[in-house]
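For reference, the structure is listed below as structure tokens.
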Amino acid sequence: MRKKIVAGNWKLNNTMDEGIKLASEIENMMKDELRTDVTVVLGTPFIHLSAVGKLTANTDKLNVAAQDCSTHGSGAYTGEISVSMIKSTGANYVIIGHSERREYHHETNAELAIKVDLALKEDLTPIFCCGESLDIRESGKHGAFVSEQLTESLFHLSEAQIKKTVIAYEPIWAIGTGVTASSAQAQEMHKALRSHVANRYGETIADNISILYGGSCKPSNANELFSQPDIDGGLIGGASLKSRDFMDIINSF
Ligand code: PEP
């Protein structure tokens, strides 16, 4: 049985007080309203990890993720945050390879492979993001492109390691644009990614990996997306900043 996951990605939003307020609202709503068996993850800026980690420490339904980690373990790397630092805050997930990091920080598949390794060694669950640009989609090469992202960043992992990894398919043309991939487009890619994982690791492992959809997911379209057989939840940007919308998405399964 695959884990259903709804993960928020706050990106560069929320001061300390705003972040605590948002996380508290979500925690309270989950206590009162959670209808389904779903794991919720709050992907916060680094400054919030510790406070939100404490707030969510008593429930295994609500988890905390960093939005990135360093390729280094420690040392003279000013401004970087290591996986062990993240772990020490109480966070247990880390988003790796978001398209905004790939684009603005030129992160390569090879660097992301290092980050995934470091995260798994620290017992953090990587949420590994992949997805194609509009140009690539229009050229018809999106399947091959996204498969290559997985091959180059994940397929060196052992079976035990890949089992602990979550994949998020996020077509770049749908992120923050209001344009959602249709449920058929998303399902087609999720199915293709799952069979790519099956070719490398076998059907049983592929069947148990959670693959999340990301890209303008909101309360009005979450149910249709999450109803697709290979979509196991969502990575949510904009709509994760409003507790009501985020909770409605959580309850969309
Ligand atoms: C994201 O940044 O991962 C994302 C899916 O953003 P949005 O939901 O705003 O499109």
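Bear in mind that the values in this text are calculations on the coordinates, not laboratory data. Here the structure is a predicted model, which is why all the values come from computation and not from measurement. Cβ coordinates were reconstructed from backbone atoms using ideal geometry, including for glycine residues, and neighbour counts include every protein chain displayed.
How big is Rg to Rh over the range 88-162, alpha-carbon atoms, Rh as the Kirkwood inverse-mean-distance radius?
1.01
First measure r as the distance between the Cβ atoms of residue 114 and residue 184, then evaluate 1/(1 + (r/R0)^6) with R0 = 45 Å and state the FRET efficiency to the nearest 0.05. If you can, show how the numbers build up before the last one.
Details: r = 35 Å, r/R0 = 0.78.
Here the calculated transfer efficiency is 0.80.
Under a 10 Å cutoff between Cα atoms, tell me which one of 163, 141, 115 has the largest fluctuation in the Gaussian network model of the chain.
141
Quick check on the chain: helices-only [θ] at 222 nm, where DSSP H runs of length 4 and up contribute -39,500 (n - 2.57) each and the sum goes over total residues. Nearest 500, please. Let's see the in-between values first.
Working: 12 runs with 115 residues, N = 253.
Result for the chain, helices only: -13000 deg cm²/dmol.
Please check: in the Gaussian network model of the chain (C-alpha springs, under 10 Å), which one of 66, 186, 51 has the largest mean-square fluctuation.
51
Over the Cα atoms of the range 99-253, what Rg and Dmax result, in angstrom?
14.9, 40
Given R₀ = 51 Å, what would the calculated FRET efficiency be for residue 223 paired with residue 74, taking r from the Cβ atoms and rounding to 0.05?
Working from the Cβ atoms, E equals 0.70.
Express in nm, to one decimal, how much length is gained between residue 61 and residue 159 on full extension, taking 0.36 nm for each residue of separation and deducting their alpha carbon distance. Present the calculation step by step, with values, prior to reporting the outcome.
Values: separation 98, 0.36 × 98 = 35.28 nm, distance 2.53 nm.
So the extension gain works out to 32.8 nm.
Can you list the lysines whose alpha carbon is less than 17 Å from that of residue 115, not counting same-chain residues fewer than 8 positions off?
Residue 115 reaches 87, 163, 164.
Express in nm, to one decimal, how much length is gained between residue 2 and residue 195 on full extension, taking 0.36 nm for each residue of separation and deducting their alpha carbon distance.
Going from the current span to full extension adds 68.0 nm.
Which residue, 208, 14, 58, tops the fluctuation ranking in a GNM of the chain built on C-alpha contacts under 10 Å?
58
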